[in-house]
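Visitor: Before anything else, here's the structure in question.
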Amino acid sequence: MATGRGVQLTRQIGEHLVAAELGRLGYIAAPFAGNVPMYDLLAADGRGYAVPVQVKAINGGSWQFSADTFLNIEVVNGEQVIKGTKKLLNPKLLCIFVLLVGRGKDEFYLFHLKDLQKHCMKVYKPRGQSSKNPDSRHCAVSPKEISQFKENWKLLETALRPSSASTA
């Protein structure tokens, strides 16, 4: 079972690994000392264009989250019913999930927040009265399930491309 200290160290290592990897790729990364809602660091290119980045790290297994972050879930007659997806504040938020494997072997998965929402919609199984925990909203994503996003660093380049509105 993960301890609070172990979880905190995994989070910290993940954020610093992402910042270091961004540096290796020629980007500037600025992590935050405290808790910033929605993202963990800013990544910028040499022109000064920056994007917020959400980082999640694991030592193994899968990344855990609550399905009601992404889905409208109502309880009807003791059964969960998915009433569609929630409107995300920033659907194009860049997410970098890190699987901590070991020095030089860590894996990075890059995708937009809306991709995680699509995954949740696809895999979440609503709970009912016969469930062990009918109130649970637990959902998870494994590295295998998001393998198409592994080392998808081009997504960062795309995110940092100035829009036509900002270059006018």
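The values are calculated or read from the model by the stated rules, or taken from the named source; none is laboratory data. What you see is a predicted model; the values in this text were computed from it and never measured. Methodologically, a virtual Cβ is constructed for each residue, glycine included, from the backbone with ideal geometry; neighbour enumeration extends over all protein chains shown. To get the accessible areas, we keep the full protein, side chains included, count just its heavy atoms, and leave off ligands, DNA and RNA. Shrake-Rupley method; radii C 1.70, N 1.55, O 1.52, S 1.80 Å.
Visitor: Out of everything in the range 126-141 that is exposed (fewer than 15 other Cβ atoms within 10 Å of the Cβ) and within 26 Å of residue 89 (Cβ to Cβ), what residue ends up being modelled with the lowest pLDDT?
Guide: Per the stated criteria, the residue is 135.
Visitor: Now, a different point. Quick check on my filter: what residues within the range 1-46 are part of a loop (DSSP other than H, G, I, E, B) and free of Cβ contacts under 8 Å to residues at least 40 places away in the same chain?
Guide: Correct list: 1, 2, 3, 26, 32, 33, 34, 35, 36, 37, 40, 46.
Visitor: Right, another one. Out of the range 126-164, which residues are within 17 Å of the chain's Cα centre (by Cα) and of a type in the set (A, V, I, L, M)?
Guide: Selection gives 140, 141, 146, 155, 156, 159.
Visitor: Find the residue count for the range 58-115, including only residues that are of a type in the set (D, E, K, R) and assigned to a loop (DSSP other than H, G, I, E, B).
Guide: So the count comes out to 6.
Visitor: Do you know which residues across the range 113-125 are open to solvent by less than 30 Å² (accessible area, probe 1.4 Å) and either within 16 Å of the chain's Cα centre (by Cα) or touching a residue at least 60 places away in the same chain (Cβ under 8 Å) (or both)?
Guide: 113, 116, 117, 119, 120
Visitor: Just give me the residues in the range 55-73 being open to solvent by 90 Å² or more (accessible area, probe 1.4 Å) and over 23 Å from residue 112 (Cβ atoms), in sequence order.
Guide: 59 - this is the single residue of the range 55-73 that is open to solvent by 90 Å² or more (accessible area, probe 1.4 Å) and over 23 Å from residue 112 (Cβ atoms).
Visitor: Looking at residue 151, is it over 24 Å from residue 37 (Cα atoms), in contact with a strand residue (DSSP E or B) (Cβ under 9 Å, 6 or more places away or on another chain) and at pLDDT 95 or above?
Guide: yes
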